[in-house]
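Down below is the structure, laid out as structure tokens.
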Amino acid sequence: MFLKIYRLTVLFSLITLIVFGTVARAQNVLDDIEEEDRLDNPTNTETAPGLVAETIRVIAPSKKIFIITNDNKTFSKGDFISLLLGNKLVCRALVAKVNEDLLSGIKVVKIYNVNLWKQLRAGKEVLVLKGDDSYYSNLEKTPKETAAKKSKKENKVQDEEDLFNSTTVNDDDLSLEESSKRLIKTDNLISAGVGLISAKTVDGSSTRYTHVNGSWGYQLSDNIWGELGLGTNTVTDYPSTGLDTRMINITTKIKYTFNAPFYSYIMPYVGYQIIRADSPGAGVDDGTGNQTTEDLSKELTKVDSLKKSTVIFGATVLKRIVPGWFIRADLGTDIVSGGLTLEF
């Protein structure tokens with residue numbers, strides 16, 4: 001009897017160990033599966049980061065430099081952002097410049113999806129994510145990769161590409177003020193030159209005098225320029241022998257830019273010219289007694305004949321020689337001139 005009870009006790013203990021051991025192992029397996037599922041499917045435990053909608057304004061020919069809106073004021077200069085289409089990562093970029101008009105210049109540093117990247121164009125709306133984009137990259141990972149491993153891998157790759165990319169960001173490529181319609185991208189042109197200006201001679205005939213001039217042009221709108229010019233020259237022995245007359249030429253012009261062959265631009269203009277003439281000795285008796293009142297009056301009349309206020313027409317031709325510099329030629333009713341122009 002005792003032996004029978006002992007055998008039953010041992011058998012019951014073995015059954016208990018087997019049952020609870022199996023359950024414990026099953027529980028451990030379930031825990032492992034749940035843990036793996038949690039890592040492979042971050043949507044189970046993570047909240048999707050917020051996206052904002054912005055619009056692409058300008059894309060450079062290389063498709064690596066973009067100008068996009070920043071209407072939501074989500075990112076600033078120096079931030080890393082990702083562009084998405086339909087919740088799919090397209091590319092990663094560095095914000096290189098932001099201006100007060102809520103436009104941002106960005107440089108693409110990594111392309112996730114070439115097919116989607118080719119769909120980007122000016123005027124297209126994209127979703128923008130600031131900072132870490134591992135949530136969306138995890139959604140597209142291969143089944144064998146865990147979220148933690150891939151996140152660590154991608155962060156490392158992004159840091160290397162973002163910080164040590166061999167392509168540098170050039171402010172000239174990211175000027176937010178420039179427009180794709182502008183033939184000359186910069187806003188300012190400063191010129192200096194030497195030309196010929198029309199005026200009277202002592203005997204009343206017309207001639208051209210050598211005239212040194214300079215000008216400053218500002219791009220008021222796409223390809224529309226306003227220009228202020230100033231020049232001077234001295235006419236010797238005018239209005240009479242021994243006297244000199246200084247001419248001051250002031251011009252204002254409105255110009256429009258057209259493309260021309262060989263990296264050149266033609267800028268027709270209309271404007272207004274004011275010429276001032278000054279001869280301190282004209283009309284003043286020199287004390288020799290050889291001048292009559294009529295002679296002195298004629299000197300003043302001759303000086304006045306150099307003065308002019310009139311509407312002018314013409315064209316300016318700019319030929320680029322090196323980046324930032326042009327050879328300039330002006331042909332108009334105001335002056336014929338040649339010189340150099342600097343853009344900035």
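The values are calculated or read from the model by the stated rules, or taken from the named source; none is laboratory data. This structure is a prediction, so every number in the text was calculated from the model and none was measured. Counting neighbours? That spans all protein chains shown, and the Cβs are built from the backbone with ideal geometry, glycine included. For the accessible areas, the whole protein counts, side chains as well, though only heavy atoms, and no ligand, DNA or RNA atoms are used. Shrake-Rupley method; radii C 1.70, N 1.55, O 1.52, S 1.80 Å.
Here are the numbers for the structure shown:
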| quantity | calculated |
| --- | --- |
| Single residue of Ile59, Ile111 found to be at pLDDT below 90, open to solvent by 30 Å² or more (accessible area, probe 1.4 Å) and not charged (D, E, K, R) | Ile59 |
| Residue in region 228-246 that is in contact with a Leu (Cβ under 6 Å, 6 or more places away or on another chain), open to solvent by less than 30 Å² (accessible area, probe 1.4 Å) and outside any loop (DSSP other than H, G, I, E, B) present | no |
| Top-ranked residue in region 293-308 [being open to solvent by less than 70 Å² (accessible area, probe 1.4 Å) and among the hydroxyl-bearing types (Ser, Thr, Tyr); ranked as nearest to Thr245 (Cα to Cα)] | Ser305 |
| Residues being open to solvent by less than 60 Å² (accessible area, probe 1.4 Å) and at pLDDT 90 or above - total across region 124-150 | 5 |
